[in-house]
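We did not get these values from a lab; they are worked out from the coordinates using the rules stated. Just so it is clear, the model here is predicted, and its values are computed rather than measured. Counting neighbours? That spans all protein chains shown, and the Cβs are built from the backbone with ideal geometry, glycine included.
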Amino acid sequence: MAARQRMPTPAVPGERNRQWLLEKRPDGPVGPANFRRAESDVPVPGPGQMLVRNLWYSFEPTQRLLMAYYDPGEGDSSGVALGGVMTSIAVSEVLTSHLAGFVPGDLVHGHTGWEDYSVVTGKGFLPTYKLPDGMPPNLALGALGLTGLVAYFGVVEVGRAQAGETFVISGGAGGVGSVAVQLAKILGLRVVAVAGTREKLDWLRDDARVDGVINYRTEDVATRLGELCPDGIDLFFDNDGGAVLDAALDRLRQRGRVVLCGATSRYAADPRPPGPMNYLQLVMINGRMEGLLGRDYVPRREEAWAAMRPWIASGQLRPKEDVLQGFDRLPEGIGRLYDGANVGKQLLRLRDPSVVPA
Ligand SMILES: NC(=O)c1ccc[n+]([C@@H]2O[C@H](COP(=O)([O-])OP(=O)(O)OC[C@H]3O[C@@H](n4cnc5c(N)ncnc54)[C@H](OP(=O)(O)O)[C@@H]3O)[C@@H](O)[C@H]2O)c1
């Protein structure tokens, strides 16, 4: 029997659209002071557009870069204009669609705004896609979203992880890190995770069951890597960049690999610090350092889902999420990534999908 179309509750006539606008570009910490509340009419989609109601939001450290920079000439990567609606990856429900392939009731993953209702084209830096039936929005943004895709393809494909190898990661208890450490354990690697708070280290040790933890804020990372990886590192997965990357480069063993996922320590630094000091170690060990851009792996998402969904269902992979609730708290989400408050994937639940029987 064909699945019955899920019908969303329409926007109420006269309803206002709450928004968070970018008020001030970041200069130091990011958070509520950078944003201003506003309201608009519920927007009306034109040809080639659809109206969505936003449900769940994802927060990424690179949103700070979008707040800091605006060049309308750069199209998809143009940043956010001062006074413009802050942008974000979200899961939304389609209310009205003039876009082929999308109908009211679809739950979609894409780029939208910090507002109740957005008009989207489905195109751009991160094209919109439909969630498979039954995939919860939080998982679609976290372990099975862009976050999980970079963790999966970073560990498995770019990192070429092999059982028995030593795996070290920075940002080990963040969104990407919390998935990557568990994947590396599932694949039989020895995992040492670097993070910046006691709470994160406790989660890594007690829940993710990694083999060693390092607090880069209170411990000497090079010394601790020497103690925890006496035979060197086979694979270093870098989320944070900076001094931890240098220390890891120094301990890479023959044919060692570095996966460049991100460099959170650099995003807020002004002026931008010089690159890694110890990169010549790659010559000495015939090593490799390679980046990956999650957006480019979106067309292969079903491959990653096919591997990860059974691990999630069996409890081998336990997504770690840090969920804020409510529209008022959106500006807090980005701040939490920079003060290190989040443990696991930082999300915000605005509302759950509405279901009206057809
Ligand atoms: N390549 C891609 O397509 C792609 C896709 C998604 C994410 N990423 C990147 O992956 C990295 C992790 O992203 P995520 O979403 O999972 O974020 P996250 O790790 O959940 O959150 C950011 C974490 O960065 C750490 N941090 C904050 N300021 C720092 C600083 N000055 N120096 C060092 N660490 C700092 C904090 O952890 P501690 O308390 O441990 O310091 C914080 O919890 C980011 O660099 C992001 O840009 C890349």
Problem set entry | Counting DSSP beta bridges with both ends in the chain, the antiparallel % (nearest 5) | 55
For this session: Determine the sum of side-chain charges near Trp20: Lys and Arg each +1, Asp and Glu each -1, restricted to other residues whose C-beta is under 13 angstrom from that of Trp20.
Result: -1
Exercise. Dividing the Cα radius of gyration by the Kirkwood radius, what Rg/Rh value follows for the chain?
Worked result: 0.99
For this session: Please work out how much length the chain gains when fully extended from Leu65 to Arg205, using 0.36 nm per residue of separation minus the C-alpha to C-alpha distance, in nm with one decimal.
Result: 47.2 nm
Exercise. For Gly335, what charge total do you get from the other residues with a beta carbon under 11 Å from its beta carbon, if Lys and Arg give +1 and Asp and Glu give -1?
Worked result: +1
Exercise. For segment 43-56, in order, what is each residue's ³J(HN,Hα) by Karplus, 6.51 cos²θ - 1.76 cosθ + 1.60 with θ = phi - 60°, in whole Hz (x at glycine and Pro)?
Worked result: x, 10, x, x, x, x, 10, 9, 9, 10, 9, 7, 10, 10
For this session: Provide the per-residue ³J(HN,Hα) series for segment 201-215, in order, calculated from phi with Karplus coefficients 6.51, -1.76, 1.60 and θ = phi - 60°, each as a whole number of Hz, with x at glycine and proline positions.
Result: 5, 4, 4, 4, 6, 8, 9, 7, 6, 6, 8, x, 10, 9, 9
Problem set entry | Residues with amide H under 5 Å from that of Asp322, placed H, sequence gap 5 or more | Lys345, Gln346, Leu347
Problem set entry | Kirkwood Rh in Å, taken over segment 156-276 so that all alpha-carbon pairs contribute | 14.1
For this session: Set the Förster radius R0 to 30 Å, insert the Cβ-Cβ distance between Leu82 and Asp339 as r into 1/(1 + (r/R0)^6), and round the FRET efficiency to 0.05.
Result: 0.80
Problem set entry | Neighbourhood net charge (14 Å Cβ-Cβ; Lys/Arg +1, Asp/Glu -1) for Phe59 | 0
Exercise. Among Gly315, Gly335, Gly31, which one moves the most in a GNM of the chain with springs linking Cα atoms closer than 10 Å?
Worked result: Gly315
Exercise. Which of these, Ala163, Ala143, Ala180, has the largest mean-square fluctuation under a Gaussian network model of the chain (Cα springs below 10 Å)?
Worked result: Ala163
For this session: Starting from the Cα of Lys200, draw a straight line to each of the lysines and keep only those under 30 Å, dropping any in the same chain fewer than 8 residues away.
Result: Lys185, Lys320, Lys345
Exercise. Karplus couplings for segment 102-119 from phi (6.51 cos²θ - 1.76 cosθ + 1.60, θ = phi - 60°), rounded to Hz, Gly and Pro as x?
Worked result: 10, 10, x, x, 5, 9, 10, 10, x, 9, 8, x, 7, 7, 5, 10, 10, 9
For this session: Name the residue, out of Ile89, Ile312, Ile334, whose mean-square fluctuation peaks in a Gaussian network model built on the chain with Cα pairs under 10 Å.
Result: Ile312
Seminar exercise, completed: The exposure ranking of Phe35, Phe327, fewest beta-carbon neighbours within 10 Å first, is Phe327, Phe35
